[in-house]
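Below you'll find the structure, written out as structure tokens, and then a few comments.
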Amino acid sequence: MQPELPVVMGHRGAPSIAPENTLLGFTACFQAGARWTETDVCLIGDGTPVIFHDSTLDRCTDQSGSVADIDCADLPRINANQAFPEQGFQSIPTLRQALVHFEALGMGINLELKRHDHVAPEALVEAVGNVFKISDFPAGQLMLSSFDFDALRLAREAFPTATLAVIAENLDADVLDVAAELKASAVNLWWETLSFDQVRQARAKGLLVNIWTANQPEKVASMIEWGVTSLMSDCPQLFQAENPVV
């Protein structure tokens with residue numbers, strides 16, 4: 001089943017106006033008009049799935065070191081808002097907290113399975129799956145995506161009916177083969193290397209094409225005419241507030 005995706009979704013929320021991958025940032029993204037957002041889930045040292053992109057704390061928080069060296073009890077003291085200090089302290093959300101927040105907003109998520117070196121794909125998918133088992137998050141509002149083909153294969157086993165997307169910088173035969181193997185609904189591709197032929201090739205295989213990270217509307221407007229489905233953006237506020245569904 002193909003998901004209903006908006007033309008514009010956030011990328012880690014709306015990090016041009018609010019701290020990335022935080023509950024505040026997701027609210028800002030929704031208020032900017034994006035009814036879906038891309039976000040990242042990874043595991044910290046105790047195996048808790050959290051909403052965080054990097055393998056280290058250095059860029060986005062007031063702490064340093066690997067995410068492998070923290071556990072759930074550390075999260076309340078780590079400030080994940082370094083970009084917008086005037087917006088106050090923001091903790092790293094657990095996946096469970098984020099799902100409650102998204103459901104309250106009525107927001108869809110393109111959830112990237114982010115596997116760092118300290119985590120096996122089996123551990124990542126099992127931990128994420130355990131959270132969804134106790135969640136009422138609507139399946140029609142969820143897309144699971146990853147660069148990691150092994151994680152996607154395990155996700156297909158764990159979530160037989162889930163909407164999957166293969167992430168890649170370029171569309172090549174391996175990406176198309178994996179998408180076919182997994183019965184994926186979409187490929188999520190880098191807008192800067194995207195070509196009309198790639199879009200045409202993917203659409204001919206029945207795949208939606210979503211692009212990351214499109215921050216300048218004038219540079220990607222023609223890609224919708226090519227057949228691109230959804231644009232992931234750090235700046236959803238620069239695009240139309242009323243995002244049509246395709």
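The values are calculated or read from the model by the stated rules, or taken from the named source; none is laboratory data. Everything quoted here is computed from the prediction, not taken from an experiment. Glycine gets a Cβ as well: all are built from the backbone with ideal geometry, and neighbour counts include every protein chain shown.
With the structure loaded, tell me whether P49 is out of contact with any His (no Cβ under 9 Å at 6 or more places or on another chain) and closer than 17 Å to L111 by Cα or whether it fails that test.
yes
Check whether at least one residue in segment 195-214 is farther than 19 Å from V8 by Cβ, among the hydroxyl-bearing types (S, T, Y) and modelled with pLDDT of 95 or more, and report yes or no.
There is at least one residue in segment 195-214 that is farther than 19 Å from V8 by Cβ, among the hydroxyl-bearing types (S, T, Y) and modelled with pLDDT of 95 or more.
I'm checking my understanding of the structure. Among residues of segment 111-142 that are in contact with an Asp or Glu (Cβ under 9 Å, 6 or more places away or on another chain) and part of a strand (DSSP E or B), which one is surrounded by the most Cβ atoms within 10 Å (Cβ to Cβ)?
If we take residues in segment 111-142 being in contact with an Asp or Glu (Cβ under 9 Å, 6 or more places away or on another chain) and part of a strand (DSSP E or B), then L111 is surrounded by the most Cβ atoms within 10 Å (Cβ to Cβ).
If you scan segment 67-83, which residues turn out to be more than 21 Å from E126 (Cβ to Cβ) and not in a helix (DSSP H, G or I)?
I78, N79, A80, N81, Q82, A83
Quick check, is E192 modelled with pLDDT under 95 and either surrounded by 19 or more Cβ atoms within 10 Å (Cβ to Cβ) or not β-branched (V, I, T) (or both)?
When the stated conditions are applied, E192 does not pass them.
Among the hydroxyl-bearing types (S, T, Y) and over 17 Å from D172 (Cβ atoms), is that true of S185?
So S185 fits the description; yes.
Are there any pairs with C-beta distances below 8 angstrom linking a residue in segment 177-203 that is free of Cβ contacts under 8 Å to residues at least 24 places away in the same chain and closer than 18 Å to A221 by Cβ to a residue that is in a strand (DSSP E or B) and of a type in the set (S, T, N, Q), with the two at least 6 apart or on different chains, and if so which?
Correct list of pairs: L189/N210.
Of all residues being touching a residue at least 60 places away in the same chain (Cβ under 8 Å) and in a strand (DSSP E or B) in segment 204-220, which is surrounded by the most Cβ atoms within 10 Å (Cβ to Cβ)? Just the residue, please.
In this case the residue turns out to be N210.
Which one is farthest from the chain's Cα centre (by Cα) among residues in segment 84-104 that are crowded, with 16+ Cβ neighbours inside 10 Å and in a loop (DSSP other than H, G, I, E, B)?
Within segment 84-104, the match that is farthest from the chain's Cα centre (by Cα) is F84.
Would it be correct to say that K133 is modelled with pLDDT of 95 or more, touching a strand residue (DSSP E or B) at 6+ places or on another chain (Cβ under 9 Å) and of a type in the set (D, E, K, R)?
No, not satisfied.
For segment 53-66, indicate whether the set of residues that are without any contact (Cβ under 8 Å) to a residue 60 or more places away in the chain and assigned to a strand (DSSP E or B) is non-empty.
yes
Of everything in segment 49-67 that's polar (S, T, N, Q) and over 25 Å from V100 (Cα atoms), which residue is surrounded by the fewest Cβ atoms within 10 Å (Cβ to Cβ)? Talk me through it step by step, then tell me what you get.
Filtering segment 49-67 for residues polar (S, T, N, Q) gives 55-56, 61, 63-64, 66.
Applying the additional criterion that residues be over 25 Å from V100 (Cα atoms) yields 56, 63-64, 66.
Working: T56: 16, Q63: 17, S64: 10, S66: 16.
So, considering only residues that are polar (S, T, N, Q) and over 25 Å from V100 (Cα atoms), the one surrounded by the fewest Cβ atoms within 10 Å (Cβ to Cβ) is S64.
Of the conditions (1) among the hydroxyl-bearing types (S, T, Y); (2) assigned to a loop (DSSP other than H, G, I, E, B); (3) surrounded by 22 or more Cβ atoms within 10 Å (Cβ to Cβ), S145 clears all except one; give me its number.
So S145 meets the others, but not (2).
Scan segment 94-104 for residues that are over 23 Å from W212 (Cα atoms) and either in contact (Cβ under 8 Å) with a residue 12 or more places away in the chain or among the β-branched types (V, I, T) (or both) and jot them down.
T94, R96, Q97, V100, H101, E103
Quick test for you: out of A127, A173, pick the one residue that is without any contact (Cβ under 8 Å) to a residue 24 or more places away in the chain and not polar (S, T, N, Q).
Working: A127 fails: without any contact (Cβ under 8 Å) to a residue 24 or more places away in the chain.
The conditions single out A173.
Among the residues of segment 9-48, which ones are surrounded by 24 or more Cβ atoms within 10 Å (Cβ to Cβ) and of a type in the set (D, E)?
If the condition is that a residue be surrounded by 24 or more Cβ atoms within 10 Å (Cβ to Cβ) and of a type in the set (D, E), then E20, E38 are the ones that fit.
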